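Here is the structure we will look at, set down as structure tokens.
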Amino acid sequence: MDFRAKPIAGGRADVPEDPPRDSPSAPPAATEVPCLRVEAPRPRAEAPRLRAGGGFARRLRRTLLAALVMAAVVVPVSAAAHPEIPAPEPAVLAPLTASTLAKAYEANRADAAEAARMAADHGDRTRATADRAMAASSRRFLSFDGRGPGRAVEVFGDLAHADRVAVLVPGSDTTLETYDRFRAGAVALHDRLGPRGAVLAWLGYETPGTVSTTVLTTDRAEQAAHLLRAFLRQLRGVVGRSAHLSLLCHSYGTVVCGRAAPGLDVSDIVVVGSPGTGASSAAALRTSARVWAARGSADWIAHVPHASVGLFGTTVGFGPDPVSPSFGAQVFQAGAGGHSDYFAPGSVSLANLARIVLGDTSEVTRA
């Protein structure tokens, strides 16, 4: 290839804008020399702003971009493979109070039974099986919606008389089809609390898919936070002002709780397996509740960059690690469990979660 300068009018010549690697470096600014005009390098487009520094910032940006590209390919295919499942409109219920609980339970069981029939007629055996299980006479739901991925709020324990109540907020990929794994954690916690406590499994929002662009931003959490705050206000009408409420949040659910936290009427907010809360510190959550955090030693979430980046007009990532000393949460031991083991029967984390809910905070083993 010929890299010699080409003559132009005025006896000068243009030098190619990008010389080969072994040619001398161009001066940093446009400079006039005899017979040559050397152009300054064109400024590069500004990279997305990142609240982290150096090589870490570049690695995080590459990781997030790769996830976005993968989601853009996978999500449309997944959605096309799972068409909308027909289900009845949710039951219209009287305002929740201790005296209306029985009617709410009965109405939601009836809705679940009808949803099971409609799913079976539609040919979706998996959803029909899940809905049918929820229609069993032993199940007690404050709400049930079989449309789309599905939503449900289930009660464990005597909600009307409990003085310690825990509300569990799930993370990504929790739907009616996968609800049993979420429910198992609620059952295990209730077993540890005993007769004083009640547990609510709050699948009150459409959780993001693990492989999706939604799981990387706070957008879905913002929507869910409004629903969670409204639900907790309703819950006060059932349990009364004297009951202690604790919010136990897992994975993406910790982002939901972070968005709902300001001014929330709860005693404790607990985040486990958190990618970040969307807040820069426990103080930035603007809550009077005690803020707790834990992570199991085998939880893969530890390897997710705890930072946030401005990308394509939105913020991707959820900020600092809640178990870091600088965040300011009360950090407790979660044992050697992985990302899905925080509510495992017999685990260190479950024992500490029960102590927090029961108010036995001096017994919580600190990390």
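Given the criteria without any contact (Cβ under 8 Å) to a residue 40 or more places away in the chain, in contact with a helix residue (DSSP H, G or I) (Cβ under 6 Å, 6 or more places away or on another chain) and at negative phi, does ALA119 qualify?
When the stated conditions are applied, ALA119 passes them.
Scan the range 199-217 for residues that are among the charged types (D, E, K, R) and in a strand (DSSP E or B) and jot them down.
Within the range 199-217, none qualify.
Of the residues PHE182, PHE144, which is modelled with pLDDT of 95 or more, closer than 25 Å to SER267 by Cβ, among the hydrophobic types (A, V, I, L, M, F, W, C) and in contact with a strand residue (DSSP E or B) (Cβ under 7 Å, 6 or more places away or on another chain)? It would help to see each step written out before you state the result.
Details: PHE144 fails: closer than 25 Å to SER267 by Cβ.
PHE182 is the lone residue from the list that is modelled with pLDDT of 95 or more, closer than 25 Å to SER267 by Cβ, among the hydrophobic types (A, V, I, L, M, F, W, C) and in contact with a strand residue (DSSP E or B) (Cβ under 7 Å, 6 or more places away or on another chain).
Inside the range 195-223, can you point out the residues that are farther than 22 Å from MET134 by Cβ, surrounded by fewer than 20 Cβ atoms within 10 Å (Cβ to Cβ) and charged (D, E, K, R)?
Result: ARG196, ASP219, GLU222.
Looking for whichever is under 24 Å from SER143 (Cβ atoms) and among the basic types (Lys, Arg) here; the options are ARG229, ARG286. Which one fits?
Only one candidate qualifies: ARG229.
Basic (Lys, Arg), crowded, with 19+ Cβ neighbours inside 10 Å and assigned to a helix (DSSP H, G or I) - does that describe any residue in the range 109-123? I'd like the intermediate steps shown before the answer.
Narrowing the range 109-123 to residues basic (Lys, Arg): 109, 117.
Adding the requirement that they be crowded, with 19+ Cβ neighbours inside 10 Å leaves 109.
Remaining after also requiring assigned to a helix (DSSP H, G or I): 109.
So far as the range 109-123 goes, yes, one or more of its residues are basic (Lys, Arg), crowded, with 19+ Cβ neighbours inside 10 Å and assigned to a helix (DSSP H, G or I).
All but one of (1) surrounded by 24 or more Cβ atoms within 10 Å (Cβ to Cβ); (2) assigned to a helix (DSSP H, G or I) hold for LEU247; which doesn't?
Result: LEU247 passes all but (2).
Out of SER274, SER297, SER288, SER340, report the one residue that is at pLDDT 95 or above, in a loop (DSSP other than H, G, I, E, B) and under 17 Å from ARG220 (Cβ atoms).
Going through SER274, SER297, SER288, SER340 in turn, the sole match is SER274.
The values are calculated or read from the model by the stated rules, or taken from the named source; none is laboratory data. If you're wondering where the values come from, they're calculated on a predicted model, not measured in any experiment. Methodologically, a virtual Cβ is constructed for each residue, glycine included, from the backbone with ideal geometry; neighbour enumeration extends over all protein chains shown.
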